[in-house]
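Novice: Handing you a structure now.
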Amino acid sequence: MIHRLPVLVATLAAALAAAGAAQAFTKTDAIRPADDGVPIGTTLYLPDGAPPATGWPGLLMLHGLGGQRTDMNLLAETWYVPRGYAVLTFDARGHGESGGVVEIDGPREIADVRAMFELLASQPGVDRAHIGAWGISYGGGATWRATVEGVPFAAINTFETWTNLYSALVPNDLTKSGVVFGFLNEIRASAVSPLVAGIKADLLASTNLPTIRALTAERSSIQHLDRIATPAFMVQGRRDFAFGIDQMLQAYVKLKGPKRLYVGNLGHPPSSFIAPDLPYFLAESQLWFDRFLKNAPNGIDTRPPVEVAPSPWRGKAVSYPALPPTRVYVASMPGKATIDENAKVVRTIALPKVPIEQFGAPVVSVEASSTTQFPRLVAVLSALTPKGEVILSDGGIQTALGPRPRTVRFALASNATLIPPRSRLRLTLASSSTAQDPRNLVYLQVPLPAGSNVTLGKATVRLPTLKTPISR
């Protein structure tokens, strides 16, 4: 979310203010020391009046990278506290009023989440057994990680985040360098930890991968999700080029407890924003917490557990009893060309004259050879629609090519995008995504060894699509 989150919250607050229950609360801002002495900025909200017999349900709210707790406060004041929730927001280390440095949801940051849980649970009138977590992007990653590490949340709700940080940022062992560069620039200079500074060059260049794998594994949750039963509501974006749909599709399959997945019109840049379905999925969030933190029998846990929003939003999501059924459209793109690091190969074919709706990660296979070196290959899949070119997915892979042609196969980003009738499918192959369009900054141009070239032959695209399109 990064800098757009205050806009998101303000928009949401305006949309929901009329529906907000009129209940007063006490708000306390404080700087509290962590167990290692680092100051942590906090805001505590307690509803006025006597708590329920079992105590107030609680909610810990975690902001995104480059954000601060004030991003969460208006949301808390508008939507949760007036409905009888005790809420604690806090500045993650290296953010807002907190000291310390950013280690990308490392062990020290997860220890802070645990400490914030204990702080909220210790407040008079708060029901320790019914405290949930609400986390977005960076805060969502911390929510998942804290949950698998045993912080006893009674329910969680995450937004546009990851469960596998390596596959999100370094898919096929090739870093989404533009995405990572943008994220790292969100960290204020004084808060860049030695750990982050030490891996930055390797991360951007896709080198020293064993170290990066180990670091990202410690910040991922996917490998542990099959052993937790915490009720989890996942909200992921249709077109999020940082954290794709697959991050939550895989989580949904592994989770054993109550679970709900919503795929909506939100996402990190370059996705469009602000999400028009924002009030809808935040209302669903409220129902989720009411069900598991207040024991309210509102039926959200008995409805079909998967919803996908059409694009554009029409006021209603499409429900499914399980992950949406898909079929694969296969496109064969013949040809042969040799390029260097500054050139590209473009293949374009006609599509059926009916709407097609991508849902998931396309897979590209291409015959490739090199008499020199061409250590990375990037593919951009786009649709040439009657209204212009729309990027469907980007992806890349590290290669080890020789003079004998071999098939290079790799998955692209997992998104959901409608391809209208009378469109054409375009595949751009190069060493960066900027070769497709200078504004496409997912994979930046990083210099290759002098004289690098690659010969690209027949390409095949396997495009997963909804069996029945829901957008128009």
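Novice: Being assigned to a helix (DSSP H, G or I), assigned by TED's automatic domain parsing to the domain that holds Asp290, within 24 Å of Leu195 (Cβ to Cβ) and at pLDDT 95 or above: is that true of Arg93 here?
Specialist: Details: assigned to a helix (DSSP H, G or I): no; assigned by TED's automatic domain parsing to the domain that holds Asp290: yes; within 24 Å of Leu195 (Cβ to Cβ): yes; at pLDDT 95 or above: yes.
No: the conditions fail for Arg93.
Novice: Is at least one residue of region 71-90 modelled with pLDDT under 95 and touching an Asp or Glu at 6+ places or on another chain (Cβ under 9 Å)?
Specialist: Scanning region 71-90 turns up at least one residue that is modelled with pLDDT under 95 and touching an Asp or Glu at 6+ places or on another chain (Cβ under 9 Å).
So that you can scan it fast, the table gives a plain yes or no per residue for (1) surrounded by 15 or more Cβ atoms within 10 Å (Cβ to Cβ); (2) under 19 Å from the mean Cα position of the chain (by Cα); (3) of a type in the set (Gly, Ala, Ser):
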residue	(1), (2), (3)
Ala251	yes, yes, yes
Arg260	yes, yes, no
Pro312	no, no, no
Ser319	no, no, yes
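Novice: Now a separate question. Working only within region 390-438, note down all residues that are of a type in the set (Lys, Arg) and in contact (Cβ under 8 Å) with a residue 40 or more places away in the chain.
Specialist: Keep residues of region 390-438 that are of a type in the set (Lys, Arg), which gives 404, 406, 409, 422, 424, 426.
Those that are of a type in the set (Lys, Arg) and in contact (Cβ under 8 Å) with a residue 40 or more places away in the chain: Arg409, Arg422, Arg424, Arg426.
Novice: Got a sec? Which of Asp246, Asp240 is over 16 Å from Asp173 (Cβ atoms) and in contact with a His (Cβ under 8 Å, 6 or more places away or on another chain)?
Specialist: Values: Asp246 fails: in contact with a His (Cβ under 8 Å, 6 or more places away or on another chain).
Criteria check complete, one pass: Asp240.
Novice: Find the strands (runs of 3 or more DSSP E) located wholly in region 21-70 whose residues include 2 or more that are touching a Lys or Arg at 6+ places or on another chain (Cβ under 6 Å), and list them. Talk me through it step by step, then tell me what you get.
Specialist: Details: elements: 25-33, 39-47, 56-62.
Correct list: 39-47.
Novice: Restricting the search to region 403-434, which residues are in a loop (DSSP other than H, G, I, E, B) and closer than 19 Å to Thr326 by Cβ?
Specialist: Leu412, Ala413, Ser414, Pro420, Ser423
Novice: Is it the case, given these coordinates, that Leu255 is in contact with a strand residue (DSSP E or B) (Cβ under 7 Å, 6 or more places away or on another chain) and free of Cβ contacts under 8 Å to residues at least 40 places away in the same chain? Can you show your working first?
Specialist: Details: in contact with a strand residue (DSSP E or B) (Cβ under 7 Å, 6 or more places away or on another chain): yes; free of Cβ contacts under 8 Å to residues at least 40 places away in the same chain: yes.
Spelling it out, Leu255 is indeed in contact with a strand residue (DSSP E or B) (Cβ under 7 Å, 6 or more places away or on another chain) and free of Cβ contacts under 8 Å to residues at least 40 places away in the same chain.
Novice: Among the candidates Thr407, Thr465, which residue alone is of a type in the set (S, T, N, Q) and surrounded by 16 or more Cβ atoms within 10 Å (Cβ to Cβ)? Please lay out each step first, then the result.
Specialist: Values: Thr407 fails: surrounded by 16 or more Cβ atoms within 10 Å (Cβ to Cβ).
Result: Thr465 is the single residue among Thr407, Thr465 that is of a type in the set (S, T, N, Q) and surrounded by 16 or more Cβ atoms within 10 Å (Cβ to Cβ).
Okay, residues lined up against (1) under 19 Å from Thr465 (Cα atoms); (2) crowded, with 24+ Cβ neighbours inside 10 Å:
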position	(1), (2)
Pro231	no, no
Asp240	yes, yes
Met248	yes, yes
Ala275	no, yes
Ala283	no, no
Leu287	no, no
Gly299	no, no
Thr302	no, no
Pro305	no, no
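Novice: Same structure, new question: Please tell me if Leu425 is farther than 28 Å from Arg472 by Cα and crowded, with 18+ Cβ neighbours inside 10 Å.
Specialist: Here the answer is no, as Leu425 does not meet what is asked.
Novice: Report yes if some residue within region 406-429 is under 13 Å from Gly178 (Cα atoms) and either assigned by TED's automatic domain parsing to the domain that holds Val330 or at pLDDT 95 or above (or both); otherwise report no. Walk me through it before giving the result.
Specialist: Restricting attention to region 406-429, the residues satisfying the condition of being under 13 Å from Gly178 (Cα atoms) are none.
No, region 406-429 contains no residue that is under 13 Å from Gly178 (Cα atoms) and either assigned by TED's automatic domain parsing to the domain that holds Val330 or at pLDDT 95 or above (or both).
The values are calculated or read from the model by the stated rules, or taken from the named source; none is laboratory data. Nothing here was measured: the structure is a model prediction, and the numbers come from that model. Please note: Cβ atoms are built from the backbone with ideal geometry, for glycine as well, and neighbour counts cover all protein chains shown.
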